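Shown next, in structure tokens, is the structure this report addresses.
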Amino acid sequence: MIGAVIGDLAAWTWEHDKDCFYKRFVSPDAKLSGYGLLLLSMWRTINEEGLIHKNRFYVEIGKALSHADRNCVDLPLEWRRWEQSEYGNPIPFDLKVAMIISAVLDCGYLPKERQDHLDWVSFFHGGKQEHYASYIKTVLRRLNEGRTKDEAIKEIPSYVVNYYSSGTSHHWSDLLEYTTFAWRCFYYSWDFTSALHNAVKCPANRRLAMTLAGAFADAMYGCSYNMIKQKFVNENEIGAEWIEFPQGVIQYYGDIINEIKQRVYEDRFFFKKNDALTNVERHIWKTVDNTYSDLTIDDAFKLAIMRAYHTGWEQRYGVYFDNGWFYVYRSHHLLLRFKLVPKSDNTYRISNLQISNDNHARVEDLGEVIYTLKNNNLI
């Protein structure tokens with residue numbers, strides 16, 4: 001979900017400082033829109049167990065809108081007027097859509113049973129477009145659980161990701177235009193940064209498009225680092241920079257941002273690409289003799305490989321999971337990749353072992369990862 005907030009801030013940055021967008025992604029002066037504000041304001045209530053009381057939740061949303069500091073949040077005048085009316089006026093349609101979308105995105109880490117009980121379309125009195133868009137929460141959950149892009153949309157209504165055909169003109173008046181656009185920006189990306197670079201091309205409601213694309217990309221890739229190809233940075237720099245939030249946003253929303261980050265990391269199903277010290281260069285992969293093919297991997301071992309760890313001085317080699325493959329890396333060098341295949345005895349084996357064209361790559365690097373997992377109480 002933090003990736004959706006970053007997408008919102010990145011949209012502001014592109015609209016006000018394109019050089020900063022391509023270099024740092026988020027400007028120190030960037031402001032949240034209503035999407036980012038609602039995402040942060042609704043998260044605790046949605047991610048707590050138990051019933052959500054409608055009237056109380058509306059009051060929480062109203063307080064978030066009324067207390068939003070103009071120095072770090074841009075809100076439409078109609079939204080502020082609705083809150084000042086003490087909820088007596090009808091909800092502006094674009095605010096209603098923002099409420100539904102923000103609630104749906106906040107549900108991305110919840111288990112299926114909890115998601116099924118939260119009908120945000122009825123809760124906020126949405127319509128047909130919002131009904132189909134609400135399936136995003138299922139897509140996000142599947143991506144967060146480690147499904148591939150194609151697996152994540154299996155049996156999802158086609159409207160969610162295929163509402164319009166490529167090469168046709170768009171009116172940008174329907175919510176499903178944005179869900180389709182954002183999904184494709186993500187589907188044809190290779191990491192968090194490239195997904196938002198695709199989404200910034202939206203000519204209409206860029207904040208909504210980049211919020212949605214950021215949510216999809218975060219679910220699969222994570223969102224700690226802004227990664228760009230080495231040719232776009234100076235000779236002595238690396239193509240990865242930690243994504244910083246503006247100080248104004250941190251001042252008012254830093255506690256909830258840190259709480260979400262910690263919760264998401266602790267509850268992770270797998271370690272993600274944009275959270276790892278890897279790179280996004282184009283690599284040529286070559287199959288090598290698999291000296292690890294006889295290693296028996298049980299469920300606990302597989303879980304440890306999936307969840308992995310942050311690298312450091314004591315554990316230089318790391319592993320992350322991306323669209324069905326495990327990748328071995330070290331200090332911004334991408335070294336190996338492999339898959340785990342299930343066996344009839346409910347164990348797994350390492351297969352499809354491949355080495356990259358990086359000069360630092362060795363088959364033995366996988367052994368370093370296995371050693372770290374076995375000797376640091378990670379299994």
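A compact table of results
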item	result
Length added when fully stretched, N323-I52, from 0.36 nm per residue minus Cα-Cα	94.1 nm
Relative contact order (%) - criterion: Cα under 8 Å, at least six apart; region: the chain	15 percent
Centre separation in Å (Cα based) which lies between the range 203-274 and the range 91-124	22 Å
Burial ranking of peptide ranges 342-349, 368-375, 191-198 (average Cβ count within 10 Å, highest at the top)	191-198, 368-375, 342-349
Order by protection proxy (mean Cβ within 10 Å, highest first), peptides 232-238, 107-113, 270-276	270-276, 107-113, 232-238
Extended-chain gain in nm, criterion 0.36 nm per residue less alpha-carbon gap, R70 and E155	26.4 nm
Modelled FRET efficiency - R0 35 Å, D17 with Y309, Cβ distances, 0.05 increments	0.50
Debye intensity ratio I(q)/I(0), log10, the range 25-177, q values 0.09 Å⁻¹ (C-alpha model)	-0.32
Two-site FRET efficiency, K343 against E145, from Cβ-Cβ distance with R₀ of 25 Å, rounded to 0.05	0.70
Cβ-Cβ FRET estimate between S169 and Q230, R0 fixed at 45 Å, reported to 0.05	0.75
Segment R282-N376, length gained on full extension (0.36 nm per residue, minus Cα span)	30.6 nm
M210, M306 arranged by Cβ crowding within 10 Å, fewest neighbours leading	M306, M210
The range 222-362: radius of gyration over Cα atoms, expressed as a fraction of 2.2 N^0.38 Å	1.20
Cα coordinate range in the range 286-375, projected on the principal axes (Å, largest first)	37, 28, 23
Space enclosed by the convex hull of the alpha-carbon atoms of the chain, per residue, Å³	156 Å³
Share antiparallel - DSSP beta bridges, the chain, percent rounded to 5	95 percent
Listed residue (L110, W172, S158) projecting farthest to the positive dipole end of the chain, Cβ model	S158
Count, lysine Cα pairs under 20 Å in the range 286-375, 8 or more residues apart or across chains	5
Within the range 286-375, percent of DSSP bridges classed antiparallel, to nearest 5	100 percent
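No lab work stands behind these numbers, since they all come straight from the coordinates. Just so you know, these numbers come straight off a predicted model, no measurement behind them. Please note: Cβ atoms are built from the backbone with ideal geometry, for glycine as well, and neighbour counts cover all protein chains shown.
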